[in-house]
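Report on the following structure.
Throughout, read-outs are computed from the coordinates displayed, never taken from laboratory work. The shown structure was predicted, so the numbers you read here are calculated from the model rather than taken from an experiment. We place every Cβ from the backbone using ideal geometry, glycine too, and count neighbours over all the protein chains shown.
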Amino acid sequence: MISSINFFIAKSLTVLFLILNIFFIFLFSSCSSQSDKRDTNLITVALGSAPGSLDPVISTDATGMRMSSLLYQGLVKIGPDLNPSADLAYKWSVDGSNYTFLIRNTQKFSDGSLIKCSDILKSIELYQNKKSPFNSVFKVIKKPSCVSIGDDLKLIFSLEQPSVKFITADLPVLKIKSLKNLGSGAFTLSLNTPAQSELKPNEFYENPQKYTLQFKYLKDDFSRFLKVYKGEIDIAPNSIPFEKVSSFKDSKFKIIETASLSTSYLLINHKNEALKNLDFRKLIYESIGIDDIVKNRFENHVTKAYSLMSPDHPYFPKELLNLSLKTSNKDIKKPLITLKSSNSRQARETGKIISQKLRSKGIPTRQHSYEWGTFYKDVKSGNFDIALMKWVGVIDPDLYNLAFHSDEFPPGRNRGYYKSTKLDNELLEAKKVNSLKERIKAYSKVQERVLKDLAIIPLWHENQIHIIHPRVKNYEVNPMGDFYSLLNLKIQPKNTTSN
């Protein structure tokens, strides 16, 4: 009887194996036929989640901020060399705390209306509003004025004090909107649903694009991978799970992998009584075993983090590499904690691994994953114990002021409600420093205090990995990981595309 059952199981497995082989042969051989059917005026981009908002004044999630930069222009933007480059303003000057910008008076919004001084001044006012998440950054702008002179609009304002990082780290966030909430970016929004958004070319943009961008929000990692592999997707920017990247190495897809300016970390809710205990936070840090996860889970696609700044950043203090975070207290209460994450497969699995490691060390841990919008709402409202998060585009260490100063409690970005009078004072002093040498020294102290106090638990820096269909040309990755890479692309004609 047992041998008959074994024979039946063996035959069933053989049949299943043959079916799977036929399926994958069909799947992979269909790539070229899928490519032949693609619209040459449409580029499809696969993302794991939809933007929280496309309004740049309130958008703080990475996807929303990146997409809104295609719809709206700022005075300046960050170029591939991480220096400010022209956007609406074609020329600017800085004299101490005084800033002057020149904008051509022929620039138009996406409805064809001219950009006026009133639009620029109103946009600055919106970012300075107390309810804006960017209030602390832009409230330092004093006496903004704008006049029309000849062929230009001339914008002048001053800051409360000179700042070496304002034009690089802060000002690119500010986008100019019309009173009708329209932008002047390369694209204009033509469709926006929970499943996808379409951005059509803005005909009034200085260099009109020749294609429509279609963003598809594919929450399931495996479904997203299949659609990319089958040729239904043109570009997958940082949206393919690490374990699936190798599937594209022997194909005609282009893989671009570079270091990023992003940091994954555990956000800690310091309003939680148990998590206020530094020894408990140290025990959590020690129990996670970050080195083991980096080595065995991510296949060399990440590097261990000690700070929001990556180890090769000029502001990163090398002393952090040898800082001991072990607790000597062996009698620590270990109450139940809940780890929250988004429901992307990678986030769920990472959360599962961390939760299992914590439980194995005697820390009772529940794991909950949610659709991105629900998860992000919980984080912004403080409804979590610890949350798996990522900070993207880390250029300047003044980011620590946004993330950890007690003045930045929500609606600001200090969503863990961390408070340290010593750190507040150190951040205040660091903002006053202008020389590079002194800034490095000041922000080294800041980073050391944040790590020693485990205000957050830094995990790792993920590489950028972009998968590009062979029919798409001229795609170049920006170190910021922004969507300016989607500008000025070319689509190879159908009859010359093969896969």
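So the values come out like this:
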{"read-out": "Segment Lys122-Leu82, extension gain: residue separation times 0.36 nm, minus the distance between their alpha carbons", "value": "11.6 nm"}
{"read-out": "Kyte-Doolittle mean at least -0.5 and Cα axial length at least 18 Å: DSSP H helices in the chain", "value": "2-29"}
{"read-out": "Hits among aspartates and glutamates - C-alpha to C-alpha of Lys304 under 13 Å, sequence gap 8 or more where chains match", "value": "Asp291, Asp292, Asp312, Glu462"}
{"read-out": "Computed FRET value (nearest 0.05) for His368 with Ala274, which takes r as the C-beta separation and R₀ as 25 Å", "value": "0.90"}
{"read-out": "Amide H partners (placed H, <5 Å) of Leu153, local residues excluded", "value": "Ile103, Arg104, Asn105"}
{"read-out": "Pairs beyond 20 Å (Cα-Cα), from Lys219/Lys390; Lys77/Lys318; Lys91/Lys139; Lys230/Lys252; Lys271/Lys334; Lys219/Lys352", "value": "Lys77/Lys318; Lys91/Lys139"}
{"read-out": "Sorted by Cβ density within 10 Å, fewest first, the residues His461, His270", "value": "His270, His461"}
{"read-out": "Value of [θ]222 nm, deg cm²/dmol, for the chain, DSSP H segments ≥ 4, -39500 (n - 2.57) each, nearest 500", "value": "-9000 deg cm²/dmol"}
{"read-out": "For peptides 116-128, 135-147, 43-55, sequence by mean Cβ density within 10 Å, most packed first", "value": "43-55, 116-128, 135-147"}
{"read-out": "Stretchable slack from Lys254 to Tyr417, in nm (0.36 nm times residue separation minus alpha-carbon distance)", "value": "54.4 nm"}
{"read-out": "In the stretch 169-245, GluC sites (Glu not before Pro) in a DSSP loop with at most 14 other beta-carbon atoms within 10 Å", "value": "Glu203, Glu206"}
{"read-out": "Reachable aspartates and glutamates, given that their alpha-carbon falls under 12 Å from the alpha-carbon of Lys143 and they are not under 8 places away in the same chain", "value": "Glu125, Glu160"}
{"read-out": "Amide N proximity, the stretch 310-327 versus Glu286 label position 7 Å along Cα-to-Cβ, cut-off under 16 Å", "value": "323-327"}
{"read-out": "Within the chain: Cβ-based charge dipole about Cα centre, in debye rounded to nearest 20 (Lys, Arg +1; Asp, Glu -1)", "value": "820 debye"}
{"read-out": "Listed pairs Lys165/Lys452; Lys254/Lys490; Lys130/Lys175 exceeding 19 Å between Cα atoms", "value": "Lys165/Lys452"}
{"read-out": "Length-normalised contact order of the chain in % [C-alpha pairs under 8 Å, at least 6 apart]", "value": "20 percent"}
{"read-out": "The stretch 195-267, relative contact order [Cα under 8 Å, separation at least 6], %", "value": "19 percent"}
{"read-out": "Relative contact order (%) - criterion: Cα under 8 Å, at least six apart; region: the stretch 263-462", "value": "36 percent"}
{"read-out": "Contour minus Cα-Cα distance for Lys432 and Leu191 (0.36 nm per residue)", "value": "82.3 nm"}
